[in-house]
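Take a look at the structure below.
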Amino acid sequence: MTAIYILWLREVKRYLRSKPQIIGSLAQPLLYLLVLGFGLGPVFQQSGQGSYIQFIAPGMVGMGILFTSIFSGIGLLWDRQFGFLKETLVAPVPRIQIMAGRTLGGATIAMIQGTLVLVVCMIAGFRPQSLAALPLAILFMAMTAIVFAALGTAIGSSLKDMQGFQFIMNFLVMPIFFLSGALFPLNNLPTALTIATRLDPLSYGIDGLRGAFIGISQIGFATDLVVLSVVAMAFLALGARAFSRIQI
């Protein structure tokens, strides 16, 4: 447990010391929020859907969590390149503890980033329906962060160098985001698109956040929590297996 805490603390401290990373990671959610939120707002309102800022803000929080948690796992490549990973793996500590510490650290960083995005959304005009639902929103933020931090660890453990990074971005991370319902409602979609959104784990995280923040849940809280829990366990097992097979 001490090793888990030390690695968790190291990941969080490394993130907090990197002010350019904190500011830079807010740029993309802010761009989507301002350009789409205000640009498509009149169209969304005319269709009878209400405020698009209110609708899109939970999606931007989910976006911040997704990218930060995935990138924290891919950070394994940098540690491997500069030798820190080798120093960690030769320590007399079970690898499962090392993996758990890094994953929890990545999830914590993603939650901090999601909170910062939420603050920016509130400055832009987003207003949660009720502060009483904040604990539920935090739960969904934590579940989403753990899911994708574990996936990031599995990916980072499997990649040998940074050449596969662009492939991961284009063919995994971006489709996960765009199919999650962060930018559009999940109802009345074509059958193929509905199936794709239901296979996307981020859909359940954003649906839960949207339900907690503005009272609109198109899948249901119970389903969201069950799916996120199952996927989190599956990705944690996958990440542990991939991490245990790293050659030093």
Filtered residues of region 154-202 (kept if at pLDDT 85 or above and of a type in the set (Val, Ile, Thr)):
Val173, Ile176, Thr191, Thr194, Ile195, Thr197
When you go through Leu31, Leu9, Leu16 one by one, which is the residue that is assigned to a helix (DSSP H, G or I), farther than 22 Å from Ala154 by Cα and at pLDDT 70 or above?
Leu31
Residues in region 168-207 that are touching a residue at least 60 places away in the same chain (Cβ under 8 Å) and exposed (fewer than 15 other Cβ atoms within 10 Å of the Cβ): how many?
1
Go through region 208-218 and count every residue that is at pLDDT 90 or above and surrounded by fewer than 20 Cβ atoms within 10 Å (Cβ to Cβ).
0
Scan region 123-154 residue by residue and report those that are more than 21 Å from Ser180 (Cα to Cα) and either assigned to a loop (DSSP other than H, G, I, E, B) or without any contact (Cβ under 8 Å) to a residue 24 or more places away in the chain (or both).
Ile123, Gly125, Arg127, Gln129, Ser130, Leu131, Ala132, Pro135
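The values are calculated or read from the model by the stated rules, or taken from the named source; none is laboratory data. Because the structure is a prediction, the values reported are computed rather than measured. Virtual Cβ from ideal backbone geometry, glycine too; neighbours counted across all protein chains shown.
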